[in-house]
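The values are calculated or read from the model by the stated rules, or taken from the named source; none is laboratory data. Note that the structure is a prediction, hence the values are computed from the model and not measured. Heads up, the Cβs are rebuilt from the backbone with ideal geometry, glycines too, and the neighbour counts pull from every protein chain shown.
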Amino acid sequence: MSRVIFKQGLHFWLDKREYVIQAKISDGNLKIIDVVTDKISFLSEKELVHYFVSGELEFESDSDLRDSKISQADLSQIPEHLKLEAFRKEKYVKAVIEQKIETYTSSSLMPIIKQVAQNISDSRPPSNITLYRWLKDYTRSGGDLRALIPRYQARGNYDSKIHSETLRLIDEVISEIYLTLERPSIARVYDILICRILHENHYRKSSGLVPLNIPHRSSIYRLIKTLDPIDKAVSRYGIRTANLIYEPVQEGFQATRPLERVEIDHTKLPFFVVDIETRIPIGTPSLTSAVDKYSGVIVGYYLSFEPFSYLSVMQCLLHSIQSKDYLKTTFNSVKNSWNVSGIMEILVVDNGKEFYSEHLHSACQQLGITIQYTPPKMPWYKSTVERTFGTYNTKLLTGQPGTLFQELSNQYDYDPQSNAVVSLSALQEMIHIFIVDVHNQSSHPQFKCPRSQVWTKGITEFPVRLPINNQDLKVLIGATDKRIISRRGIEFNGLYYNSPELARLRSNYEKEDLRRKTGKRQSEKATIKYDPTDLSKIYVFDPISHQFIVVSAVNQEYTQGLTIWQHRVIKNLAAIEADKVDIVALALAKQRIQEIVEKEWQKSHKGKTRKSMARWLGIGIDGFGVSDVSISTNESIDSNHDQSLETHQNFESLFNQTSSIMGISDLNNAIPVEQNPQANIYKNSQNQRESITNSNTNQPLSLKDKQHKKTVTNQSLEQLNSAAPINKTDDWSPDLLGWDASYGLPRGGG
């Protein structure tokens, strides 16, 4: 029986909880720590003895010691090579104990492992997880060296069953074949063992020795089962994977106040939505969410059909910072309030390329937000938002018609598209109910009260930061570029912007003209910011006042509510170079695209095609995120298309061009706001404000076949042009200007 002494490293059980003595204090008290919660307490030896006598305190029993690999035989009876192995392990263990390390982590153990391995010339140093296990066994045994004896010796003597030479061959095969990153099966290991035994018997027969018997396959399984699981994982899967499996779970960063740390991430919802009118499935939407680390409340989100990009991050940030006062007027079914807003201190993101955007860095820098990137393959650095995505799927979408179940789709006759019944506007309402009435009202695991109450109490003590005004917020979050101010104003994407204030700025920039400094024909460029979802205006930086001024587009009829993605598509159809824009040709192209989309929307049943058209049409604007843009024009540009025109092929070739649309995001416009029953709500309440529309991504549309990746052919353009003569009229002419670019977020005031 091992001796028990109250000293550093001793493990014991008190009230069914495991503790370890961390240190002995000078006043005679012992510093103990709960191995599960890391809670520190102080007890005297007298108190521990009292608990031991009363039966409340227990040390490791003899069966526990046997489980921790202590041989019951005398140390002198253990084979020499096993004692040498135990001595090797003891050198590592004692080196750690001498360092008096309080917490055994990879960063604290690896330097010691390297130093000891160098001192004893060990070519097989243990991993930090293996050393942690040795330390646990050694301290639990009270410092008994037998706790470090390899496991298989405690299972008995195999010499009576398997020849020692056979055991040697088994050990070789396991070490050289099984414990490798190729991870061969045990059956493969057994086949190789048979070959080696037959090869060995060939020499034994010529030497007059008794041939070795081939062991049964089950013997190999049993021996491999005795291997240490951590060592086996390190050898077969690598140290990183072994750490993920066996290293203690990291708790991650602990926030102390609301908005100290906000985690943001994307996910693809496994859920098909349908068109609100035709009930035809459109596709699976993408969700960007932001979660407050301290309270656990969801502070903002953004839903779209777009690939993830800076624009989806921008819109999620905008929604997170702004007030949610639209809730009661837009979603009456939501019972609670969503009084969450403010500028976060730290924004935690992963390593997606959209989070490395210069636009995002510039916006966060001006808002005073620090961007923090999570290390690769360390999900606990933003575990809060990761868990939130799990609750979306399990509590909101599971059981709803249209949910994607891969196993059902593969094995049974379950088609999520044919079962889809929920429109995007209905999904928006479902998400709001889930966030406000379910998630934010659920109990916080640490504070044991609703998350919304944790937020409310937290902001009482630590008030949140808010932007000075909504217009400043839009400018700060806008995308950044550089442009020269000429007599015609500023040219951006083939469109001109001008105003009296810009003329004054031009004179200031001319004074700083680089040609006067360097002699080169190069003018000083002004910093501009723009909303990719509304090209009707840009913001130009004034170096004198250090503020951005609003400069409107020269052609307001064309640019009102126009997204940069739509503008690029229109230019592709018009086949006009970016520096030679013809507004009339653009207007014609704009109408032809609208007609193609409207007709194809009724005919197409292809998922990707309908999803692309949904980007243009703005499916799901009903009741949530309705634009206040409602401008009509007296100009009527009618067209009469040939019904036999292959508009479907033209549509796909137009919307799937990598060279022209790459990196550009759209905001799904083209439905006149007048058709929306709730348009007047926003129109009346925001008629004194400018509206910056929402956006989704700067990624290209989903690519079709390779033959559709090229630009629109001349033949296609000729077909479209010939099918839409200006001198003919049709019964229907779309409103070119009443397009809505909002999608997923409420409009903020200007």
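Is it the case that Arg516 is at pLDDT below 85 and either surrounded by fewer than 14 Cβ atoms within 10 Å (Cβ to Cβ) or outside any helix (DSSP H, G or I) (or both)?
yes
Taking Tyr301, is it surrounded by 21 or more Cβ atoms within 10 Å (Cβ to Cβ), modelled with pLDDT of 75 or more and assigned to a strand (DSSP E or B)?
yes
Among the residues in segment 439-452, are any buried (at least 16 other Cβ atoms within 10 Å of the Cβ), modelled with pLDDT under 80 and in the same structural domain as Thr330 (by TED's automatic domain parsing)?
no
Yes/no per residue for (1) surrounded by fewer than 20 Cβ atoms within 10 Å (Cβ to Cβ); (2) more than 27 Å from Tyr237 (Cβ to Cβ); (3) assigned by TED's automatic domain parsing to the domain that holds Gln22; (4) of a type in the set (D, E, K, R):
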{"residue": "Lys89", "(1), (2), (3), (4)": "no, no, yes, yes"}
{"residue": "Tyr92", "(1), (2), (3), (4)": "no, no, yes, no"}
{"residue": "Lys100", "(1), (2), (3), (4)": "yes, yes, yes, yes"}
{"residue": "Thr105", "(1), (2), (3), (4)": "yes, no, yes, no"}
{"residue": "Ile112", "(1), (2), (3), (4)": "yes, no, yes, no"}
{"residue": "Val116", "(1), (2), (3), (4)": "no, no, yes, no"}
{"residue": "Ser123", "(1), (2), (3), (4)": "yes, no, yes, no"}
{"residue": "Ser127", "(1), (2), (3), (4)": "no, no, yes, no"}
{"residue": "Gly143", "(1), (2), (3), (4)": "yes, yes, yes, no"}
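Take Pro463 and decide whether it is of a type outside the set (Phe, Trp, Tyr), at pLDDT 85 or above and not in a strand (DSSP E or B).
It is true that Pro463 is of a type outside the set (Phe, Trp, Tyr), at pLDDT 85 or above and not in a strand (DSSP E or B).
What is the residue count in segment 459-495 for residues that are surrounded by 16 or more Cβ atoms within 10 Å (Cβ to Cβ) and either without any contact (Cβ under 8 Å) to a residue 40 or more places away in the chain or over 38 Å from the mean Cα position of the chain (by Cα) (or both)?
Of the residues in segment 459-495, 2 are surrounded by 16 or more Cβ atoms within 10 Å (Cβ to Cβ) and either without any contact (Cβ under 8 Å) to a residue 40 or more places away in the chain or over 38 Å from the mean Cα position of the chain (by Cα) (or both).
Each row is one residue, and each column tells you yes or no for (1) at pLDDT 85 or above; (2) closer than 20 Å to Met430 by Cβ; (3) touching a Ser or Thr at 6+ places or on another chain (Cβ under 8 Å).
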| position | (1), (2), (3) |
| --- | --- |
| Ser320 | yes, yes, yes |
| Leu327 | yes, yes, yes |
| Ile343 | yes, no, no |
| Gln366 | no, no, no |
| Thr388 | no, yes, yes |
| Tyr392 | no, yes, yes |
| Leu397 | no, yes, yes |
| Gly402 | no, yes, no |
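Hey, among the residues in segment 466-501 that are touching a His at 6+ places or on another chain (Cβ under 7 Å) and outside any loop (DSSP other than H, G, I, E, B), which one's nearest to Lys324 (Cα to Cα)?
Result: Ala479.
Considering only segment 224-245, state which residues are among the hydroxyl-bearing types (Ser, Thr, Tyr) and under 22 Å from Leu193 (Cα atoms).
Those that are among the hydroxyl-bearing types (Ser, Thr, Tyr) and under 22 Å from Leu193 (Cα atoms): Thr226, Ser235.
For Lys457, indicate whether it is within 19 Å of Met344 (Cβ to Cβ) and either in the same structural domain as Leu535 (by TED's automatic domain parsing) or outside any loop (DSSP other than H, G, I, E, B) (or both).
When the stated conditions are applied, Lys457 passes them.
So, of the residues in segment 313-370 that are of a type in the set (S, T, N, Q) and crowded, with 18+ Cβ neighbours inside 10 Å, which turns out to be nearest to Lys457 (Cα to Cα)?
Among those that are of a type in the set (S, T, N, Q) and crowded, with 18+ Cβ neighbours inside 10 Å, it is Ser341.
Assess whether Ala154 counts as being of a type in the set (A, V, I, L, M, F, W, C), closer than 16 Å to Ile224 by Cα and at pLDDT below 85.
Spelling it out, Ala154 is indeed of a type in the set (A, V, I, L, M, F, W, C), closer than 16 Å to Ile224 by Cα and at pLDDT below 85.
Would you check if there is a residue in segment 341-360 being farther than 26 Å from Thr374 by Cα and assigned to a loop (DSSP other than H, G, I, E, B)?
Scanning segment 341-360, I find no residue that is farther than 26 Å from Thr374 by Cα and assigned to a loop (DSSP other than H, G, I, E, B), so the answer is no.
Ser61 fails exactly one of the following numbered conditions: (1) modelled with pLDDT under 85; (2) farther than 28 Å from Lys24 by Cα; (3) under 47 Å from the mean Cα position of the chain (by Cα); (4) exposed (fewer than 12 other Cβ atoms within 10 Å of the Cβ). What is the number of that condition?
It is condition (2) that Ser61 fails.
Can you work out which of the residues in segment 347-363 that are of a type in the set (S, T, N, Q) and out of contact with any helix residue (DSSP H, G or I) (no Cβ under 8 Å at 6 or more places or on another chain) is farthest from Asp472 (Cα to Cα)?
Per the criteria, the residue is Asn351.
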